[in-house]
């Protein structure tokens, strides 16, 4: 037996793992960060049970990371993501934020709706 | 407040989402499937709280999918994965298996250890 | 010794290989295809020596490929890409187009500028 | 008209771009680097016109990059790749090596066979 909140938490984890491993490595610069944020948000929003996705790519870290050709690769240091998943009557809010040297994924809240 | 079993389920979801989006698209053939299975297993085993990973790439589906150059791309149809995650005193067993036209990820069991 | 046109052809190949393996597997649907096209175009345009990128994701193939949740994954069948690379005085036009069962990448033109 | 050597250079570029964007981001540690090297080599060897692939993941850089969980992600800094492509009577040797802050891909040699 799997509870509704375990299932919702599982679904939230899938989405963060997917997002991270699909999009890190993508070339990004100051002028294209917004387009990439939008594409990440819209693609992950398609996945089952996703209710909302917010994606922010840190422009300061992009600026510090530019290579000789004027761009860099999307990585965990610059990603700030939060999302909400609803499975039946349970909502899970989860986030990805760089913490120390690790792109930490956390459940922020589980509640009934 | 997040329970131990919600957290364990979340961690299992992260690993399956990561595995799928990291490795699908990889060129694979009958002679290289075993090496790819091994690399997937060993890389996902490094992630936090993972206790075991089993990866099977279906050779029949590889055979049916070969392109004119004799290989194909790893995709959800040919992947059969199960893994165990332990967070503190809770173990979650989860799996990825193609079902209809979808690479379905499921929690198979949650139990105390 | 490497000629200018060999170098330009090499650079064009890098971009098509990168694009394909970075973005295939991304969740996509009819409403998000345009955002994904834009993000692919803008990210690949950042890479060295790229002068132009055109990306078209085939909406008919998306429609035929939708899973039970109403989306699918970007794959080689639905991608139509062409790009121009300039290295010093040489321009190479190259393309990715599905052909039979293979996402064929081809040089379409090499000429001085 | 595309020459044999332009075509061979293009094919070499495709393979390096593909390899980089398929495999960077993969979890890797000292104990799993060899398995990942092997899987990369065997998967890229399947692609058309590839004659040889050598992949080396720098263990020192892995050691310096370990996160609190004892692993890191494969990135351009730690990758050293060389490959040979043959198209008809032309062989191209190409390589990927970190140079400054960039995973530089270069043609090392073009010659008839």
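Since every read-out is calculated from the coordinates, none of them should be taken as a lab result. Values in this document were obtained by computation on a predicted structure and should not be read as measured data. Heads up, the Cβs are rebuilt from the backbone with ideal geometry, glycines too, and the neighbour counts pull from every protein chain shown.
With one equal scatterer per alpha carbon and no solvent term, the Debye-computed log10 I(q)/I(0) for the range A:26-65 at 0.18, 0.23, 0.27 1/Å reads -0.53, -0.73, -0.88.
Averaged over peptide A:46-55, the number of partner chain Cβ atoms lying within 10 Å of each residue's Cβ comes to 3.
Per-residue ellipticity at 222 nm computed for chain A from its helices equals -11500 deg cm²/dmol, with DSSP H segments shorter than 4 residues left out and the rest contributing -39,500 (n - 2.57). For the range A:4-112, a/c is not less than 1.5, where a ≥ b ≥ c are the root eigenvalues of the C-alpha gyration tensor, and a/b tops b/c. That puts it in the prolate class. Highest average first, the peptides D:30-39, B:18-27, A:53-62 ordered by how many other beta carbon atoms sit within 10 Å of their residues are B:18-27, D:30-39, A:53-62. Computed on chain C, with alpha-carbon pairs under 8 angstrom and 6+ residues apart, the relative contact order is 29 percent. Between the alpha-carbon centres of the range B:49-113 and the range D:6-37 there is a gap of 23 Å. Between residue D:98 and residue C:108, the simple spin-label model (points 7 angstrom out along Cα→Cβ) gives 3.7 nm. The mean of 1/r over all distinct Cα pairs in the protein assembly as shown, once inverted, gives the Kirkwood hydrodynamic radius of 22.2 Å. Sorted from closest to farthest, the other copies place their residue D:2 label points 1.7, 4.6, 4.9 nm away, with each point set 7 Å from Cα along Cα→Cβ. Among B:63, B:43, A:65, a tally of other beta-carbon atoms within 10 Å of each Cβ gives an order, fewest to most, of B:63, A:65, B:43.
Divide the volume of the convex hull around the Cα atoms of the range B:58-105 by the residue count and you get 80 Å³ per residue. For residue C:31, the label point sits 7 Å beyond Cα toward Cβ; its separations from the matching points on the remaining copies run 3.1, 4.6, 4.8 nm, from shortest to longest.
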